[in-house]
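In what follows, a structure is listed as structure tokens, so that the remarks can point back to it.
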Number of protein chains: 2
Amino acid sequence: MGRPKEFDVEEALSSAMNVFWSQGFKAASLSDLTTSMEISKSSFYETFGSKHDLFLSTIDYYIRTATAQVSGAAHVDAPAHKIIRTLFERAVQRMVDPKSRRGCYLNNCAVEVSLYNELASKRFATGMSIMEEAFLKLVERGKREGAITMAHNSRALARYLVSSLNGILVMGKAQSDKESLYEVVNVTMDALK
Amino acid sequence: MGRPKEFDVEEALSSAMNVFWSQGFKAASLSDLTTSMEISKSSFYETFGSKHDLFLSTIDYYIRTATAQVSGAAHVDAPAHKIIRTLFERAVQRMVDPKSRRGCYLNNCAVEVSLYNELASKRFATGMSIMEEAFLKLVERGKREGAITMAHNSRALARYLVSSLNGILVMGKAQSDKESLYEVVNVTMDALK
DNA sequence: TCGTTATTGGACGGATCAGTCCGATACTCT
DNA sequence: AGAGTATCGGACTGATCCGTCCAATAACGA
């Protein structure tokens with residue numbers, strides 16, 4: 001019944017997210033968005049409601065996809081502390097590559113709009129706590145494996161890791177020198193011992 | 001000769017910075033700025049050139065004032081590692097207070113405009129390296145005082161501290177719980193031992 | 001008093017913006 | 001063939017934006 005959608009909503013969301021990620025919410029015009037999403041203005045409003053609605057949807061999309069990666073890594077068959085290190089090293093690699101030096105989408109969104117946008121900042125908090133839970137499981141496993149210190153409780157260490165990861169993503173914007181960032185990772189990881 | 005300026009340029013810069021800090025560059029309208037700065041549109045363009053010029057000036061202003069605080073703390077007569085902890089605790093206090101939960105101005109600016117603004121991102125890098133130098137001196141002193149580990153070179157530790165401080169400022173936006181943030185500070189500081 | 005500079009407020013231009021609406025067309029199922 | 005939906009492009013609205021310009025006024029020094 002009726003003509004089917006010609007574009008994939010998830011793909012369009014991904015494109016839109018990349019536009020917001022690169023330009024910010026305010027700076028991204030509707031024209032920028034529809035061009036990148038490869039849909040017409042009419043389809044845009046029909047499917048996504050408004051620029052602001054779309055923005056919130058891209059945050060949900062990011063939480064759905066990006067945090068799934070971190071959570072997924074927790075199930076890899078390797079020592080927990082190695083998985084943690086790998087997650088940090090991947091972050092460094094992303095910040096070193098000019099094409100992906102955009103930091104964390106959630107952080108960027110929080111900076112730009114959380115101040116005047118309740119809905120967006122709630123999503124930011126949600127994303128962070130998902131990250132925290134993922135790290136928490138890894139830390140607990142690391143303790144059982146005897147590779148992580150008992151000097152701090154697991155949740156404190158998990159929060160420390162989320163915080164540190166964000167710090168590295170911020171630093172990467174100013175200091176894209178690979179070795180410097182790896183040094184920071186080394187010090188950060190040593191705190192777990 | 002001629003009528004003297006009636007407003008203080010530094011004060012106006014401070015007001016403008018607060019507007020940008022709270023709303024972001026794009027979202028801050030000229031009307032918002034002139035209202036907060038308490039000058040007319042004509043005086044605005046006469047003195048500050050353009051919105052963008054003013055923006056860059058506020059970044060310089062921030063670097064001039066805020067990093068001076070950190071650098072100044074280095075000369076306090078107290079054990080270096082205690083000074084470092086105090087700096088972190090002050091950051092936590094700022095993030096816990098709803099009125100000052102705005103993170104680091106440099107970071108916010110970098111997130112919003114660094115992607116399409118060379119001049120702003122250079123300033124961001126400058127600010128970060130000033131912070132790094134301040135922490136470097138503290139770390140070196142802390143080592144001489146025997147309170148900081150020799151396991152890592154001083155510059156790596158200084159970078160680690162800058163990174164961690166930024167991480168805490170980011171986390172504070174999602175997690176404003178005081179105790180959680182203090183826990184992160186504790187773990188962070190333990191890495192120096 | 002006179003020249004110089006600072007300040008103001010408002011009018012104005014040119015551009016861009018988000019969002020609405022409509023007519024034409026294309027696709028799919030019954 | 002016909003009903004139902006998707007898509008498109010473009011015209012349009014109303015608002016907002018940054019920035020320019022100008023005439024009037026106010027404060028200073030000589």
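A short reminder: the numbers here are calculations on the coordinates, not readings from a lab. Just so you know, these numbers come straight off a predicted model, no measurement behind them. FYI the Cβ positions are ideal-geometry reconstructions off the backbone, even for glycines, and counts take in every protein chain you see.
Structural remarks
- Exam field: B:N153 pseudo-label spacings to other copies (7 Å along Cα-Cβ), nanometres: 3.9
- Straight-line reach from B:K193: taking Cα to Cα under 18 Å and skipping same-chain neighbours fewer than 8 places apart, the aspartates and glutamates in range are A:E183, A:D190, B:E89, B:E140, B:E145, B:E183.
- Helical content alone sets the calculated 222 nm signal of chain B at -24000 deg cm²/dmol, taking -39,500 (n - 2.57) per DSSP H segment of four or more residues and averaging over every residue.
- Computed FRET value (nearest 0.05) for A:R64 with A:Q93, which takes r as the C-beta separation and R₀ as 35 Å: 0.95
- Partner aspartates and glutamates for A:K26 [C-alpha distance under 15 Å; skip if fewer than 8 residues away on the same chain]: A:D53, A:E112, B:E112
- Cα-Cα separations in the range A:1-123 greater than 20 Å, expressed as whole percent: 51
- Net length available on complete extension from A:K122 to A:S50 is 24.0 nm, with 0.36 nm assigned per residue and the Cα-Cα distance removed.
- With a simple spin-label model that places each label point 7 Å from the Cα along the Cα-to-Cβ direction, the separation between A:R144 and A:D177 comes to 4.1 nm.
- Cα-only Debye scattering, the protein assembly as shown: base-10 log of I(q)/I(0) at q = 0.09 Å⁻¹: -0.56
- Net charge contributed by nearby residues that have their C-beta within less than 15 Å of A:I130 (K/R +1, D/E -1): +3
- Computed about the Cα centre, the dipole magnitude for the range A:65-193 is approximately 140 debye when only Lys and Arg (+1) and Asp and Glu (-1) carry charge, each at its Cβ.
- For the pair A:S31 and A:E10, a Förster radius of 22 Å applied to the C-beta separation gives a FRET efficiency near 0.50, rounded to the nearest 0.05.
- Working value for the range A:56-193: equivalent-ellipsoid semi-axes of 25, 19, 13 Å, each the square root of 5 times a Cα gyration tensor eigenvalue, largest first.
- According to the Cα-based calculation, Rg over Rh for the range A:128-193 is 1.01, with Rh computed by the Kirkwood formula.
- Entries in A:K137/B:K122; A:K137/B:K173; B:K99/B:K137; B:K99/B:K143; A:K51/A:K122 that, when Cα-Cα distance is taken, lie over 27 Å: A:K137/B:K122; B:K99/B:K137; B:K99/B:K143
- Cβ-vector label at 7 Å, B:R90, separations to other copies in nm: 3.8
- Length-normalised contact order for the range A:85-166 - Cα pairs under 8 Å, 6+ apart - percent: 25
- Couplings 3J(HN,Hα) for the range A:177-193, derived from phi with the Karplus relation 6.51 cos²θ - 1.76 cosθ + 1.60 (θ = phi - 60°), are 5, 4, 4, 4, 5, 5, 4, 4, 4, 4, 4, 4, 5, 4, 5, 7, 5 Hz, where x marks Gly and Pro.
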